[in-house]
Structures are given as structure tokens and as C-alpha cells.
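Below is one structure, written out as C-alpha cells; the observations come after it.
The values are calculated or read from the model by the stated rules, or taken from the named source; none is laboratory data. Just so you know, these numbers come straight off a predicted model, no measurement behind them. Here the Cβ positions follow ideal geometry from the backbone for every residue, glycine too, while neighbour counts run over all protein chains shown.
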């Protein structure tokens with residue numbers, strides 16, 4: 001069985017780029033009948049906030065996804081301690097401060113050498129280590145890479161190969177005892193039986209390091225795929241600090257989750273971005289081999305337009321609870337009447353107010369006012385249905401000679417206070433004869 005995971009760090013709100021990774025993993029699990037794990041990477045106590053943990057859960061649910069189970073790294077520290085012990089001499093203490101490491105990197109660059117850690121800690125004598133301890137220094141811990149080249153067949157990028165000697169031995173535990181992602185992720189993937197990892201291409205170098213760790217732990221590594229990244233309109237990388245592209249912001253703006261799902265997965269692929277009616281439909285479109293190698297720029301206007309198209313196709317069952325929360329009545333018939341004129345679902349409340357509440361009736365003059373007077377006199381008796389509008393306007397046209405826009409525009413303004421909107425033949429029964437007559441009389 002395939003097992004995939006989404007592993008966010010709760011240090012901010014999820015953005016559209018995070019959604020891309022989340023959805024690709026969840027959809028592949030869905031397509032293959034596998035399991036999808038939500039793993040909260042919350043070992044960084046200084047930056048993690050519980051409100052972001054809850055926000056992640058809300059965003060995942062908003063997109064229509066339900067993880068098979070959830071784990072939190074902060075509850076798995078004993079597992080990491082045991083794995084650290086198993087690595088034995090592949091892990092070593094180092095006492096350099098960040099200032100010393102930065103100075104060494106700058107010297108290396110100035111000398112034309114790559115800024116790779118020189119493993120000076122492996123040459124420390126016991127006496128020097130004791131001196132550092134006496135000074136109050138505490139070691140961080142590094143994983144010693146094997147060197148040589150490591151390769152894998154990437155699900156997006158094809159065959160990949162990286163020379164481990166070009167990378168620094170990664171720090172896997174800080175001075176304060178906190179474990180770091182590059183290590184805990186491997187331990188979790190082994191323990192949870194993760195079979196496939198889909199993540200951003202900014203993790204390619206991490207993958208080489210982690211493949212070395214999988215081997216050191218005697219574990220079979222998952223299949224790896226690194227998707228192209230999303231960028232802002234000016235080409236900058238997405239960040240949790242960019243609230244305008246957060247899922248929370250999209251939700252507050254009324255952007256449809258299916259639009260976000262379709263956009264996040266299809267943009268930057270050979271599949272054109274277009275509306276979908278369900279995640280199952282989207283799953284049939286998503287294939288890793290369709291993803292481009294080039295970054296994909298986010299166009300908020302394109303996303304908003306896509307959301308509007310999704311809204312126009314939503315069945316009543318998908319919005320019934322939201323409409324009830326907005327105090328919008330009329331059931332399926334009213335939704336079918338207005339949805340084609342909405343940008344977002346909550347605008348249905350505006351049309352319900354226009355149909356059934358008080359509106360500002362415009363003052364008309366000249367031929368338009370005369371037409372409205374005739375229309376009021378010719379108003380059909382109740383009850384009204386979808387055929388009432390045609391019968392009424394035919395009668396008004398016969399008496400006044402008005403046709404087309406000259407006939408329909410004044411009537412729409414008088415009945416709704418708007419110059420455009422839903423088809424009046426379907427909206428008129430919700431307005432009703434009494435309210436319509438009152439508005440027609442107010443125009444004069």
C-alpha cells in the first residue's frame with residue numbers, strides 16, 4: 001500500500017505553494033488507494049505556535065481532504081533518540097559557534113573553495129572538547145556523510161545524482177537538544193512506512209542527504225518526486241509571511257476551495273487550468289509527469305476567475321449549508337436562478353435581499369417612467385411562475401411599442417434597482433406581485 005505524507009511546520013499560515021504539495025500527496029494517495037498522513041513538524045519550540053497547528057487542520061479540511069491519521073513530531077522524541085543511538089559513530093559533536101562557521105564559509109569563498117564544513121570537529125582532542133565544555137559551550141551534532149555520489153529516479157525530474165562531498169555534514173541536533181527536520185523526517189518516514197515523497201524542488205539537496213541517512217538506518221528509501229515551485233507575479237518565492245496568498249485569505253475572500261485545489265495542482269503543468277466539480281475529477285487529471293520543470297507564477301486574477309467559474313457550476317447540495325448560514329432562502333430554485341451572476345457564493349445574500357427585502361428604487365423620467373406606469377397597470381395577477389415575465393412583457397410591449405433594451409432595462413431597474421443580474425423570468429416569482437407593484441409605483 002502506498003503511504004504519502006504532508007509535513008508542514010506550524011510557524012505560519014499555509015500558502016498556495018504549500019497547498020500544491022499537500023494536494024499532490026493527498027491526490028496520489030487517493031488515486032492509488034493508499035494512505036495519507038498529516039505530520040505536524042513542530043520540534044522548533046521557539047517558532048511553533050499552536051494557533052498555526054489548528055489553522056493547518058482547518059485549511060486541510062477546507063480543501064476537502066481528510067488525512068487517514070495525524071502525528072506530531074513533538075510527541076515522538078523518544079523515537080528520534082533511539083534512531084540517534086542507532087547511527088552510532090556516524091553522528092559526532094561539534095562546538096563551533098554560528099559566527100565561527102560563518103567566518104569559515106567566507107574564508108572558503110574568498111579562497112575559491114566551496115563553503116563546505118571541513119569536519120574540524122572530528123579532529124578535536126578530548127582536552128579541547130573539555131575546554132569548550134568548561135567555557136560553557138554545548139555541542140551541536142552532525143551526521144557524517146559517506147561521500148561519493150548518490151542518485152535516484154525522480155518522479156518529476158528524472159534521473160538525479162548529487163556528489164555528497166559537495167555538501168556539508170548536516171546538523172541534526174542543535175545545542176539546545178532540539179532535533180532538526182533533515183533527520184526527524186527520515187526517522188518518521190521509516191517508522192510510518194512512507195512509500196512516496198512528493199515535495200518542492202527546493203528539497204533536492206536534502207534528498208541526497210536523507211538517502212544517505214536511510215542507508216545508515218538500514219531502511220529502504222521512499223520513491224522521490226520534486227515538483228516545480230510556485231512564485232509570486234514578480235518571480236519571488238512564496239512565503240508564509242505573504243498573507244495575500246495564504247489559504248486563510250482565500251477562504252475569507254470567498255474563493256472556492258475546489259478552485260484553489262485545481263489551480264494549485266494544474267498551474268505549471270501540461271494540463272490547462274480549468275474548473276473541476278470534485279477532487280475525484282481533479283485526481284483523474286493530476287500526473288507528476290505532466291508537471292513542468294520551470295517555476296509557475298501565481299496570477300491572483302486567474303485564480304479569482306477560476307473560482308467564479310467553479311461557483312457557477314456548484315450544485316445546490318454543495319452550498320445549502322452556506323446559504324442557510326447567510327439566511328438565503330428559496331432553496332434550489334433560487335440558487336439555480338442567481339448562481340450564474342455571482343463571483344462568490346456569499347453574493348447570493350445580496351440577491352436574496354434584492355428579491356425579498358427593501359431596495360433603493362431609482363427615479364425614472366420621460367418614456368421610461370411612462371413605460372413603468374403602463375407596466376404597473378398591466379401587472380398579471382398572482383400566482384406567478386417562470387412564464388409570468390414573458391406574458392407580462394409581451395403585454396407591455398404591445399401597449400407601449402417598446403422592445404429589447406428599451407423595454408427590459410427600465411423594468412429591471414424598477415424591479416431590482418440594478419442594471420444587470422439574473423434572468424428576470426426566474427427572479428420575478430421570488431419578488432412576488434405585491435412587492436413588484438410597490439416598486440413600480442415608487443419609480444413614478
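Below, the figures for the structure above:
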quantity: The one condition in (1) under 30 Å from residue 315 (Cβ atoms); (2) within 43 Å of the chain's Cα centre (by Cα); (3) surrounded by fewer than 15 Cβ atoms within 10 Å (Cβ to Cβ) that residue 358 fails to fulfil; calculated: (1)
quantity: Residue 340 vs. criteria touching a helix residue (DSSP H, G or I) at 6+ places or on another chain (Cβ under 9 Å), within 27 Å of residue 252 (Cβ to Cβ) and outside any helix (DSSP H, G or I); calculated: no
quantity: Enumeration of residues in region 27-40 that are in contact (Cβ under 8 Å) with a residue 60 or more places away in the chain and surrounded by 21 or more Cβ atoms within 10 Å (Cβ to Cβ); calculated: 27, 28, 37, 39
quantity: Options 411, 427: the member that is assigned to a helix (DSSP H, G or I), over 41 Å from the mean Cα position of the chain (by Cα) and crowded, with 19+ Cβ neighbours inside 10 Å; calculated: 411
quantity: Looking only at region 287-299, and only at residues there that are in a helix (DSSP H, G or I) and surrounded by fewer than 17 Cβ atoms within 10 Å (Cβ to Cβ), the one that is nearest to the chain's Cα centre (by Cα); calculated: 290
quantity: Lone qualifier among 19, 45, 104 - being in a helix (DSSP H, G or I) and either under 22 Å from residue 194 (Cβ atoms) or assigned by TED's automatic domain parsing to the domain that holds residue 299 (or both); calculated: 19
quantity: Close pairs (6 angstrom Cβ cut-off, 6 or more residues apart or separate chains): within 20 Å of residue 146 (Cα to Cα) in region 113-131, loosely packed, with under 12 Cβ neighbours inside 10 Å anywhere; calculated: 115/109
